[in-house]
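Would you mind keeping the following structure in view while I ask a few things?
The values are calculated or read from the model by the stated rules, or taken from the named source; none is laboratory data. Only a predicted model underlies this, so the values are computations on that prediction, with no experimental measurement involved. Here Cβ is always computed from backbone atoms with ideal geometry, including for glycine, and neighbour counts include all displayed protein chains. Just so you know, the surface numbers come from the protein's heavy atoms only, side chains and all, with ligands and any DNA or RNA stripped out. Shrake-Rupley method; radii C 1.70, N 1.55, O 1.52, S 1.80 Å.
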Amino acid sequence: MRIETAAVHAGRSVDPATGAVAPPLHLSTTYERDADGGYERGFVYGRTSNPSRESFERAMATLEGGACAMAFASGLAAASAVFQSLRPGDHVVAPRRLYHGVRTLLESIHGPWGLTASHAEMHEPGAAEAAMTPGTRLVWIESPANPTLETTDIRAIADMAHARGALVCCDNTFATPILQRPIEHGADLVMHAATKWIGGHSDLTGGVVVFAREDEVAERVREVQRVGGGVMAPFDCWLAARGVRSLACRVRAASASAARIAAHFDGHALVERVLYPGLRDCPGHAAAARQMEGYGGLVSLCVRGGRAEAMGAASRVRLFTRATSLGGVESLIEHRESIEGPATTTPANLLRLSIGLEHPDDLIADLERALAG
Ligand SMILES: *Cc1c(COP(=O)(O)O)cnc(C)c1O
């Protein structure tokens with residue numbers, strides 16, 4: 001089955017009880033026990049399992065080419081569950097550029113709990129390897145990375161990590177399984193903020209981890225889900241599963257528009273630099289060309305001048321909305337440096353664009369006007 005077909009059908013069937021074509025939303029927190037005390041139908045209690053959640057989890061496992069998946073209350077809850085599957089004293093190698101929430105999670109939650117972490121420039125050959133210690137159990141990668149959109153060579157990192165007995169988890173939020181399936185390139189785990197492209201309409205919060213194998217790591221994360229209890233809510237699962245059905249069309253359209261916008265502003269007099277994995281000078285472009293089928297719906301523009309010029313341009317947009325987050329049908333623009341806090345390494349003149357489903361020419365015209373002042 002090709003991925004477009006899987007996106008429509010995976011984890012879904014006509015409801016046997018009613019014939020409903022659109023899947024029912026299961027809100028029940030508890031399930032009837034059989035007369036003999038068993039649970040023949042498989043569901044017991046809302047935290048441990050839920051039909052709407054299972055449907056979404058099956059869809060994500062199928063799209064990523066994994067064996068199983070677990071959905072959590074947010075992208076960070078999903079990332080946290082992966083870190084919680086490790087033991088105090090274990091070491092994690094993480095990217096220098098990564099979603100700032102994952103950095104904070106490692107530093108302020110899992111650091112005090114006993115995980116140690118080092119950060120490496122993942123797109124530079126040898127850098128991740130140099131950061132490995134005998135205690136490294138996990139290499140965390142994010143590709144393309146937020147917000148500078150460098151690409152990490154997933155296969156190279158996986159080969160290096162596996163040779164040293166470490167697992168690789170890839171945050172695939174920016175690319176989605178439509179453009180990049182990390183398990184095919186050797187990753188053991190794939191994490192998503194379902195809040196972004198998967199949901200696709202800026203109206204749900206959720207996260208998911210997909211596992212290449214049904215093994216003890218998957219079992220440990222399943223225990224974190226079941227006992228830790230940070231599960232994704234049924235309605236959010238239902239919305240996310242609906243998002244999956246149109247994911248291929250939405251992501252490809254956004255990716256094509258983003259490529260056009262990146263090409264338009266590359267070399268523009270008012271733009272110092274365009275960061276987009278599809279541009280030859282974007283770090284890791286060769287790996288992006290190998291492991292991605294399209295370069296995604298995010299583009300970062302470094303505005304000529306500095307912080308004031310970038311903030312000025314953001315203040316003048318009419319079609320783009322100034323807001324954080326990404327992956328919705330509406331285009332968003334964000335000055336990242338001012339949102340990431342004091343530890344940020346993001347350039348002050350950088351504006352991150354999440355390209356939605358508007359016509360790219362309208363978006364280009366809006367940006368042209370905003371840059372010109
Ligand atoms: C948004 C995001 C997250 C965190 O997801 P939440 O649902 O906000 O917790 C993690 N990684 C990336 C790349 C993201 O964009």
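Test each condition in (1) open to solvent by less than 30 Å² (accessible area, probe 1.4 Å); (2) within 11 Å of the ligand (Cβ to nearest atom); (3) free of Cβ contacts under 8 Å to residues at least 60 places away in the same chain; (4) hydroxyl-bearing (Ser, Thr, Tyr) for Ser143 and report the one that comes out false.
Status for Ser143: all satisfied but (3).
With the range 38-132 as the region, which strands (runs of 3 or more DSSP E) entirely inside it contain at least 3 residues that are on the phi < 0 side of the Ramachandran plot and within 16 Å of the chain's Cα centre (by Cα)? Quick ask: steps written out before the conclusion?
Numbers: elements: 68-72, 91-95, 116-120.
Strands (runs of 3 or more DSSP E) meeting the threshold: 68-72.
Each row is one residue, and each column tells you yes or no for (1) of a type in the set (A, V, I, L, M); (2) over 29 Å from Glu214 (Cβ atoms); (3) open to solvent by 30 Å² or more (accessible area, probe 1.4 Å); (4) touching a helix residue (DSSP H, G or I) at 6+ places or on another chain (Cβ under 6 Å).
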{"position": "Ala69", "(1), (2), (3), (4)": "yes, no, no, yes"}
{"position": "Phe83", "(1), (2), (3), (4)": "no, no, no, yes"}
{"position": "Asp90", "(1), (2), (3), (4)": "no, no, no, no"}
{"position": "His100", "(1), (2), (3), (4)": "no, yes, yes, no"}
{"position": "Leu106", "(1), (2), (3), (4)": "yes, no, no, no"}
{"position": "Thr136", "(1), (2), (3), (4)": "no, no, no, no"}
{"position": "Val139", "(1), (2), (3), (4)": "yes, no, no, yes"}
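Identify all residues within the range 195-212 that are out of contact with any Phe, Trp or Tyr (no Cβ under 6 Å at 6 or more places or on another chain) and within 7 Å of the ligand (Cβ to nearest atom); write none if there are none. Outline the logic, then answer.
Within the range 195-212, the first condition is being out of contact with any Phe, Trp or Tyr (no Cβ under 6 Å at 6 or more places or on another chain), and the residues that meet it are 195-206, 208-212.
Thr195, Lys196, Thr205, Gly206, listed by residue number.
Related question: I'm told Ile355 meets every condition in (1) open to solvent by 10 Å² or more (accessible area, probe 1.4 Å); (2) in contact with a Ser or Thr (Cβ under 6 Å, 6 or more places away or on another chain) except one. Can you identify the failing condition by its number?
(1)
While we're looking at this one, here's another question. Kindly establish whether Val82 is at pLDDT 95 or above and either away from the ligand (no atom under 16 Å from the Cβ) or of a type in the set (D, E, K, R) (or both). Show your work before the answer.
Values: at pLDDT 95 or above: yes; either away from the ligand (no atom under 16 Å from the Cβ) or of a type in the set (D, E, K, R) (or both): no.
The answer is no for Val82.
A further question on this structure: Among (1) more than 16 Å from the ligand (Cβ to nearest atom); (2) open to solvent by 60 Å² or more (accessible area, probe 1.4 Å); (3) within 20 Å of the chain's Cα centre (by Cα), there is one condition Leu25 misses while meeting the rest; what is its number?
Leu25 satisfies all of (1) more than 16 Å from the ligand (Cβ to nearest atom); (2) open to solvent by 60 Å² or more (accessible area, probe 1.4 Å); (3) within 20 Å of the chain's Cα centre (by Cα) except (3).
So, of the residues in the range 317-335 that are within 17 Å of Ala256 (Cα to Cα) and touching a residue at least 60 places away in the same chain (Cβ under 8 Å), which turns out to be nearest to the ligand (Cβ to nearest atom)?
Among those residues, the one meeting the criterion is Leu326.
Is it true that some residue in the range 342-357 is closer than 16 Å to Val274 by Cα, in contact (Cβ under 8 Å) with a residue 12 or more places away in the chain, among the β-branched types (Val, Ile, Thr) and in a loop (DSSP other than H, G, I, E, B)? Explain how you work it out, then say what you get.
Of the range 342-357, the ones closer than 16 Å to Val274 by Cα are 346-355.
Cutting the leftovers down to in contact (Cβ under 8 Å) with a residue 12 or more places away in the chain gives us 346-355.
Still in the list and also among the β-branched types (Val, Ile, Thr): 346, 355.
Narrowing the set further to residues that are in a loop (DSSP other than H, G, I, E, B) leaves 346, 355.
Yes, because at least one residue in the range 342-357 is closer than 16 Å to Val274 by Cα, in contact (Cβ under 8 Å) with a residue 12 or more places away in the chain, among the β-branched types (Val, Ile, Thr) and in a loop (DSSP other than H, G, I, E, B).
Taking Leu98 as meeting all but one of (1) near the ligand (Cβ under 9 Å from one of its atoms); (2) aliphatic (A, V, I, L, M); (3) in contact with a His (Cβ under 9 Å, 6 or more places away or on another chain); (4) at pLDDT 95 or above, write down the number of the exception.
Here Leu98 meets the rest and fails (4).
Against the conditions (1) away from the ligand (no atom under 16 Å from the Cβ); (2) of a type outside the set (Val, Ile, Thr); (3) over 19 Å from Pro182 (Cβ atoms), where does Asp159 fall short? Just the number, please.
(3)
Before we move on, is Ala161 small (Gly, Ala, Ser), modelled with pLDDT of 95 or more, surrounded by fewer than 22 Cβ atoms within 10 Å (Cβ to Cβ) and assigned to a helix (DSSP H, G or I)?
No; evaluated as a whole, the condition is false for this residue.
Can you pull out the helices (runs of 4 or more DSSP H) entirely within the range 234-295 that have at least 2 residues that are among the polar types (S, T, N, Q) and either open to solvent by 20 Å² or more (accessible area, probe 1.4 Å) or within 25 Å of Ile364 (Cα to Cα) (or both)? Walk me through it before giving the result.
Values: elements: 234-245, 247-265, 285-291.
The helices (runs of 4 or more DSSP H) meeting that bar are 247-265.
Could you grab me the full set of residues in the range 312-345 that are open to solvent by less than 10 Å² (accessible area, probe 1.4 Å) and modelled with pLDDT under 95?
Arg336
On to the next question. Taking Met122 as meeting all but one of (1) touching a residue at least 60 places away in the same chain (Cβ under 8 Å); (2) closer than 23 Å to Ser80 by Cα, write down the number of the exception.
Only one criterion is unmet by Met122, namely (1).
Filtering the range 174-187 down to residues that are in a loop (DSSP other than H, G, I, E, B) and open to solvent by 10 Å² or more (accessible area, probe 1.4 Å), which residue is farthest from the ligand (Cβ to nearest atom)?
Within the range 174-187, the subset in a loop (DSSP other than H, G, I, E, B) is 174-175, 180-181, 186-187.
The next check asks that each one be open to solvent by 10 Å² or more (accessible area, probe 1.4 Å); those that pass are 174, 181, 186.
Working: Phe174: 6, Arg181: 16, Gly186: 20 Å.
Step by step, filter the range 174-187, then rank; the result is Gly186.
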